[in-house]
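The values are calculated or read from the model by the stated rules, or taken from the named source; none is laboratory data. Every value quoted in this text rests on a predicted model; they were computed, and no experiment measured them. Because the Cβ atoms are built from the backbone with ideal geometry, glycine has one as well, and the counts that use them run over all protein chains shown. With ligands, DNA and RNA removed, areas are computed over all heavy atoms of the protein, side chains included. Shrake-Rupley method; radii C 1.70, N 1.55, O 1.52, S 1.80 Å.
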Amino acid sequence: MSYRCIALTHYHVFMPPTSKESGRPKIKVSPRGAARLKSGHLWVYKSDVVAADGVLPGSLVTVTDQRGKPFGTALYSSSSQIAIRMISHDQVTDWPTVIRQRISDAIAYRERFVRDTNAYRVIFSEADLLPGLVVDRYNDIFSLQILTQAMDPNPVREAVISQLATQLNPASVIERVDPRVRELETLPPRNSGLLHGEKTATTFTMNGVQFHFDALEGQKTGAFLDQRENYASAALYAHGNALDVFCYQGGFALHLAKVCDQVTGIDSSRPALEVADQNATLNRREIEWIEANAFDLLKDYSASNHLYDTIVLDPPAFAKTKRDLDSAIRGYKELNLRALKMLRPGGILVTCSCSYHVSQTTFLEMLSAAAIDAHRSLRLLEVRGQAKDHPVLLNMPETGYLKCVIGDVS
Ligand code: SAH
């Protein structure tokens, strides 16, 4: 996700959402906004709001078309480009009660579809009909993020924490604050910290691989939980000498080490590699970690004919906005071209993009152009997305962002 930074001019003080429907403000949307909602999307942009005079930041509002026909209830943000996030087709009279029910539904969904892990996303914002709320579970420690005005008031926070505590009994809940998001939402600054319990460090397991988690101390740790199922898939095909490029704290590398003869992880962040090394020790694995700029290292390695049997590419989002798309595709192509050249025949390429703006089609086109330039042919073994604890809403493409292609290269 990317956020634009704006100068902070003033803070809003929020009133708790009222539990009574009476007096709920109405917001009219333009025909374009109405068409978007009719198509099943949940957002209306600021430019499609016709009238929101006097509506308080973070309020629950009734959304109507220009004639006054209601679409349902939404959360309103006075400062975000996304002014309206629908929460229901009905009139919501008691939001904290609805929040509790939705958390319960989100937990039930994970019980059905999440396997082999005690670390997963428990609540994924719009995809769980709780816009602006993200909760990740790392074993007995939960990490919570609030991303919208309407999720910030104390009664909302209390409903969230007490429902999580009742159903999943976490040792602690820690709030992770992104100061840029609070600025954008004109919310007063807050520090990250404990909201419930005392515990700040633990270990968690994904697919039988163990990881350290430390929420607050020196080296903040966490994980890219959205890659969990892709780690397991990569390990189905990986073999021989493996290179994990952009390895962070070793997510792919530790999974590859179960099946490969030799694994090297590359990242430009020393603190990430230090945790990666602790994770290797925790799993009794020997992995080589190299602190380097991946672009420079792949250039050197491909020039000096280093060869591998498995290469993983999982770079950060190159296209943070639509405008970055061309340069992002050039970046992905350069990495994939070099990796393809460095794979032995029968080699496995695992290549990812977490940029929402790079569609699956565009990503596959980039990869096919890279294969042509590298004079290699690639058979698609799997075209994958994000793990099922990061659900994708069919009518809201923005909820899907991760691509992970696994190919056999000859
Ligand atoms: N594969 C990881 C997640 C990668 S996140 C996992 O599954 O856990 C992207 C990583 O790229 C970050 O760790 C960041 O430190 C690293 N990174 C960003 N730019 C880089 C560069 N130019 N060279 C090497 N690493 C880079």
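Taking Cα centre as origin and charging only the Cβ of basic (Lys, Arg, +1) and acidic (Asp, Glu, -1) residues, the dipole magnitude of the stretch 103-204 rounds to 160 debye.
Identify which of 46, 258, 69 has the largest mean-square fluctuation in a Gaussian network model of the chain, with springs joining Cα atoms closer than 10 Å. In this elastic network of the chain, the residue with the biggest mean-square fluctuation among 46, 258, 69 is 69. Per-residue accessible area (protein heavy atoms, 1.4 Å probe) orders 314, 296, 244 as 296, 314, 244, starting from the largest.
Overall, the anisotropy analysis places the stretch 147-210 in the prolate class: the square-rooted eigenvalues a ≥ b ≥ c of its C-alpha gyration tensor yield a/c not less than 1.5, with a/b exceeding b/c.
Report the gain in length on full extension from residue 408 to residue 203: 0.36 nm times residue separation, minus Cα-Cα distance, nm rounded to one decimal.
Contour length minus the Cα-Cα distance gives 70.4 nm.
Taking a ≥ b ≥ c as the square roots of the eigenvalues of the Cα gyration tensor of the stretch 66-192, is the shape rounded (a/c under 1.5), prolate (a/b larger than b/c) or oblate? It is oblate, given that a/c is not under 1.5 and a/b is not larger than b/c. Applying a DSSP loop filter and a limit of 10 other Cβ atoms within 10 Å to the trypsin sites (Lys or Arg not before Pro) in the stretch 264-346 leaves 284. Between residue 67 and residue 118, residue separation times 0.36 nm minus the direct Cα-Cα distance comes to 13.4 nm.
When the chain is treated as a Gaussian network with alpha carbon springs shorter than 10 Å, the biggest mean-square fluctuation among 121, 379, 270 belongs to 379. When the charge dipole of the chain is built from unit charges on Cβ atoms (+1 for Lys and Arg, -1 for Asp and Glu) and taken about the Cα centre, the candidate among 390, 248, 191 whose Cα reaches farthest toward its positive end is 390.
Farthest towards the positive end of the charge dipole of the chain, among the residues 172, 381, 117, is the Cα of 381, using unit charges on the Cβ of Lys, Arg, Asp and Glu.
Return a whole-number percent for the relative contact order of the stretch 205-308, with Cα pairs under 8 Å and 6 or more residues apart as the contact set. Don't jump to the answer; show the numbers that get you there.
Working: 160 pairs, mean separation 25.5, N = 104.
RCO, the stretch 205-308: 25 percent.
Heavy atoms of the protein chains alone define the surface here; on that basis the chain has 45 Å² accessible area per residue at 1.4 Å probe size. Principal-axis analysis of the Cα atoms of the chain puts helix 95-113 at an angle of about 30° to the longest axis.
Taking the Cα centre of the chain as origin and charging only Cβ (+1 Lys, Arg; -1 Asp, Glu), how large is the dipole, in debye to the nearest 20? Before the final figure, lay out the partial values.
On the way: 45 positive and 45 negative charges, 260 e Å.
Using only the charged Cβ atoms, the result is roughly 1240 debye.
Once the Kirkwood radius over Cα pairs is known for the chain, the Stokes-Einstein relation at 37 °C and 0.692 mPa s delivers a diffusion coefficient of 144 µm²/s.
Of the residues 319, 259, 142, the one whose Cα sits farthest towards the positive end of the charge dipole of the chain is 319 (charges of +1 on Lys and Arg Cβ, -1 on Asp and Glu Cβ, taken about the Cα centre).
Extension gain for residue 281-residue 93 works out to 62.5 nm (0.36 nm per residue, less the C-alpha to C-alpha distance). Hey, with R₀ at 25 Å, roughly what FRET efficiency would residue 50 and residue 81 work out to, going by the Cβ-Cβ distance, to 0.05? For R0 = 25 Å, the calculated efficiency reads 0.95. Along the stretch 286-298 the Karplus relation, 6.51 cos²θ - 1.76 cosθ + 1.60 evaluated at θ = phi - 60°, assigns HN-Hα couplings of 9, 10, 8, 10, 10, 8, 6, 6, 4, 5, 5, 5, 5 Hz to successive residues, with x for each Gly and Pro. Spatially, the stretch 199-271 and the stretch 312-355 are offset by 19 Å when compared through their Cα centroids.
Between 399, 202, 73, the GNM of the chain built on Cα springs shorter than 10 angstrom shows 202 fluctuating the most. Over the chain, with every protein chain in place, what whole percent of the accessible area is carbon and sulfur at 1.4 Å, could you tell me? It is 50 percent, rounded to a whole number.
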